[in-house]
Amino acid sequence: MGNSLACFSQSQAIKRNKTRAKSSQSLPPPYFPGSSASQRSDKIFLKETSIDTDYIKEQARVAAALLLQHHQQNGTLTQFESLRDPLATSKRQKRIPRSSSSSSRPSLLADSLPQHLEIPKQGAEVEELETKHFVLVHGGGFGAWCWYKISTLLKESGYQVDAIDLTGSGAHSLDSNNITTLSEYVKPLTNFLEKLPIGNKVILVGHDIGGACVSYAMELHRSKISKVVFIAAAMLMNEQSILDMFSMQLGSDNVCQRAQMFLYANGKNHPPTAIDFDKSLLKDVLFNQTPAKDVELASVLMRPIPFAPLTEKLSLSATNYGSIPRFYVKTLEDFAIPVSLQEAMIDSSPPEHVFQIKGSDHSPFLSKPQALHKILVEISRFPLK
């Protein structure tokens with residue numbers, strides 16, 4: 001999502017729309033992109049060999065199984081039962097002070113382990129942790145499905161994991177064009193936290209604009225959050241919007257500018273209602289270090305991002321947001337939210353500790369899952385004050 005926000009403000013979006021031939025006055029209901037992704041595979045994977053279709057299907061079913069399990073447990077799966085095999089379906093400014101214990105030196109991790117997801121069991125150590133429950137919040141365009149590798153690794157290490165579909169994302173049924181507030185967009189997360197038993201705490205993990213979503217939740221549910229992890233995410237200051245932060249990158253003519261497509265469900269004379277991606281440019285912007293098979297999976301499952309929540313300014317206090325330990329994970333080969341922007345956010349609102357993943361694009365949960373898993377485990381072991 002950062003790729004689109006880093007390139008355009010609302011006024012620029014409206015101005016640029018005058019040159020667009022395609023009108024979105026009558027947009028179709030939300031859907032998972034179909035076979036067009038495979039038709040464009042020659043553009044997406046310029047230097048890749050042929051796609052292993054069976055492996056893609058296997059990975060898609062793993063992601064879909066995790067989604068199905070999550071929604072069955074929470075009673076939220078209604079009209080997306082076809083996610084059992086999504087590929088089959090496709091064929092059809094007040095600064096918050098940081099703690100004095102903050103560390104300025106980032107921890108550097110490469111993803112040097114084999115690509116399979118087998119890891120040593122660590123259940124005994126996990127049982128001794130005060131907080132062993134991770135709640136994963138995706139970024140713009142993504143869904144709970146994007147965490148399937150990290151969910152697997154964490155669960156095999158003995159952690160409890162829940163991945164949330166924000167409103168209009170993943171398997172959530174609402175059309176992204178109809179989401180008008182940040183509160184509405186974040187509602188699945190705040191509902192989840194509200195239902196947690198008293199005394200239970202979780203570690204929130206936010207990616208991309210999911211960083212603003214977890215920040216919003218921190219302000220509402222301080223007592224239920226022990227730590228928060230921002231992964232190449234929007235870590236905002238008080239009275240700042242997502243659009244404010246990413247507007248710092250305006251003026252550069254790069255691939256992210258070409259990859260976004262603004263949608264106008266209310267007509268061309270009104271602000272955009274959502275942002276979609278040019279699927280042929282996904283690899284260049286979001287997945288430049290991600291295996292081709294995962295890029296294919298993402299191109300099938302990604303959905304438009306609601307525009308209105310991006311313009312809403314957050315109200316963050318030292319009492320709530322500022323009292324919860326924050327950690328930031330930098331992605332060093334990120335073309336969507338560049339390292340320079342990540343560092344600007346870190347400098348503006350310093351976290352407890354900064355990690356960085358060598359060779360990671362904007363989607364380390366797909367490109368460097370083992371390295372990200374190591375970081376999350378380490379953060380879970382940081383002693384609470």
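The values are calculated or read from the model by the stated rules, or taken from the named source; none is laboratory data. Small disclaimer: the values here were computed from a predicted structure and weren't measured. So basically every Cβ, Gly included, is an ideal-geometry build from the backbone, and we count neighbours across all protein chains shown. SASA here: full protein model, heavy atoms, side chains in, ligands and nucleic acids out. Shrake-Rupley method; radii C 1.70, N 1.55, O 1.52, S 1.80 Å.
How large a share of the accessible area of segment 133-381, in percent, is made up of carbon and sulfur atoms when the probe is 1.4 Å and the other protein chains stay in place?
It is 47 percent, rounded to a whole number.
Would you mind classifying segment 162-207 by shape? Square roots of the alpha carbon gyration tensor eigenvalues, ordered a ≥ b ≥ c; an a/c under 1.5 is rounded, otherwise it is prolate if a/b is larger than b/c and oblate if not.
The shape class here is prolate.
On a 20 Å Cα-Cα criterion, which of the cross-link pairs 201/330; 195/227; 330/374 come out too long?
201/330
Rg over Rh of segment 133-381, using C-alpha atoms and the Kirkwood radius, what does it come to?
0.93
Using the Cα centre as the reference, give the magnitude of the dipole from point charges on the C-beta atoms of segment 133-381 (Lys, Arg: +1; Asp, Glu: -1; all else neutral), rounded to the nearest 20 debye.
In total the dipole reaches around 600 debye.
Express the accessible area of segment 133-381 per residue in Å², computed with a 1.4 Å probe while the remaining protein chains stay in the model.
So segment 133-381 comes to 27 Å² accessible per residue, rounded to a whole number.
Which peptide among 212-218, 240-246, 343-349, 304-310 comes first, and what is the full order, when sorted by highest mean count of other Cβ atoms within 10 Å?
212-218, 304-310, 240-246, 343-349
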